[in-house]
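Enquirer: I'd like to ask some things about the structure below.
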Amino acid sequence: QRIARLRENVEAPPAAPSAELSLVRYIESSVNTALAAGEFTLHLQPKLRLKDNRLIGAEALLRWNSAAHGPLSPALFIPILERSGLTARVSDWVLQETARLVQVLGSAGIELPVAFNASAADLRGDFSERVRQALERHALGPQRVEVEVTETSVIGDCGSAAAALASLRALGIAVSVDDFGTGYSTLAYLRAFPLDVLKIDRSFITGLTDNPVDRQIVDSVITLARALGLHTVAEGVETEQQLEALRALGCDSVQGYLIARPLPIEAFIAFVRGWTP
Ligand code: C2E
Ligand code: MG
Ligand code: MG
Ligand code: MG
């Protein structure tokens, strides 16, 4: 009887509301047709260097405008695809599309590097070789693209992720740690992994001007990054006060709605042309 009850429990439907569950199923089952149907785009968000107010690059952020559900956030669908092991085709599309956009920028006379986000699974296998081929196909030098990885994606998977990052850097491609400070990780990986940039997570920037603890954390991260020879980028800068606080703390660069939202390529080109340092 107890076993029967346990079995009932095991086979009981999951607690998730059915609308949520069906959205998960929709995402899993339609990602490949959505790619083919052109429902995905990359938007570009500029990065601003504080010492001279120059734009120094952009981050490519994935957008899925679903015919069935309207715009879906990558914060929603990327983790779902990661959990079901379905990131490969999307990641490949992101890589090719990033290279294509860098080429489009080049034709518009804009030489800024573009960073794309990689999932943990991307770093397994022949990642750096695929990046190299994409650059070659679009006739781009290695300084024109950068890769953003989260601490959790490199920590979970020490050996192969470290190797993938090392071969990217051997090609001359810069690597950023995204959402720095939010992963359940030790700092030891900063020693083990070859890195160029620390991106300070938006959650610390939000409290920067009125929470002394957040301010102290940001201050310490910047000091640590300096000591390790890493460039710092603050994410999610929304106010002038945050920007000035970051400048005072010696942060190198900022990204956020204060400068610009992630923009479609044409709007990004117009933004860069209109920018005066
Ligand atoms: P992320 O890489 O940390 O990207 C920063 C997120 O913060 C983006 O959200 C961006 O639109 C948002 N953001 C930028 N400035 C501000 C600001 O001033 N205020 C606020 N509130 N938000 C700001 P988004 O585009 O929704 O992306 C969410 C996450 O999804 C990304 O976080 C990244 O982890 C993931 N992601 C996005 N595109 C890709 C992709 O092509 N591949 C992979 N694997 N992951 C991606
Ligand atoms: Mg990122
Ligand atoms: Mg980030
Ligand atoms: Mg973040």
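Enquirer: Over the chain, with a Gaussian network built from C-alpha contacts below 10 Å, which listed residue (Asp179, Asp214, Asp201) shows the highest mean-square fluctuation?
Expert: The residue that fluctuates most here is Asp214.
Enquirer: Let me ask something else. For the chain, would you read off the P(r) tail past 31 Å as a percentage of all alpha carbon pairs? Present the calculation step by step, with values, prior to reporting the outcome.
Expert: Numbers: 11993 of 38226 pairs.
When every Cα pair of the chain is considered, 31 percent fall beyond 31 Å.
Enquirer: Measure off 7 Å from each Cα along the Cα-to-Cβ vector at Ile110 and Val213, then give the distance between these two points in nanometres to one decimal.
Expert: With each label point 7 Å from Cα toward Cβ, the separation is 3.9 nm.
Enquirer: Sticking with this one: Can you compute the label reach from Ala37? Point 7 Å from Cα along the Cβ direction, backbone N cut-off under 15 Å, restricted to region 63-86.
Expert: Residues 64-72 fall inside that zone.
Enquirer: With a 1.4 Å probe and every protein chain left in place, work out the accessible area per residue of the chain in Å², rounded to a whole number. It would help to have the intermediate numbers written out before the result.
Expert: Details: 13900 Å² over 277 residues.
Computed with neighbouring chains in place, this is 50 Å² per residue.
Enquirer: Below 8 Å between Cα atoms, with a sequence gap of 6+, how large is the relative contact order for the chain in percent?
Expert: Details: 412 pairs, mean separation 48.9, N = 277.
For the chain, the relative contact order is 18 percent.
Enquirer: Sticking with this structure for a sec: Set Lys and Arg Cβ to +1 and Asp and Glu Cβ to -1, take the dipole of region 32-176 about its Cα centre, and tell me which of Asn65, Val90, Gly106 lies farthest positive.
Expert: Towards the positive end, the residue furthest out is Gly106.
Enquirer: While we're on this one: Where the accessible area of the chain is counted over protein heavy atoms with a 1.4 Å probe, how much of it, in %, is carbon and sulfur?
Expert: Answer for the chain is 54 percent, counting heavy atoms of protein chains only.
Enquirer: What number, rounded to the nearest 500 deg cm²/dmol, is the helix-based mean residue ellipticity at 222 nm of the chain, given -39500 (n - 2.57) per DSSP H run of at least four residues and division by all its residues?
Expert: Details: 12 runs with 134 residues, N = 277.
So the calculated ellipticity at 222 nm is -14500 deg cm²/dmol.
Enquirer: Tell me the GluC sites (Glu not before Pro) within region 184-277 that lie in a loop according to DSSP and have at most 15 other beta-carbon atoms within 10 Å. Could the numbers behind the result be given before it?
Expert: Values: sites: Glu235, Glu238, Glu240, Glu244, Glu266; in loops: Glu235, Glu238.
Here the GluC sites (Glu not before Pro) that fit, given the DSSP loop and packing criteria, are Glu238.
Enquirer: Cut-off 10 angstrom, C-alpha nodes, Gaussian network model of the chain. Which of Gly109, Gly57, Gly256 fluctuates the most?
Expert: Result: Gly109 has the largest fluctuation of those listed.
The values are calculated or read from the model by the stated rules, or taken from the named source; none is laboratory data. Given the structure is predicted, the values throughout are model-derived calculations rather than measurements. When we count neighbours, we look across all protein chains shown, and the Cβ atoms used for this are built from the backbone with ideal geometry, even at glycine. Accessible surface is based on the protein model in full, side chains and every heavy atom, while ligands, DNA and RNA are left aside. Shrake-Rupley method; radii C 1.70, N 1.55, O 1.52, S 1.80 Å.
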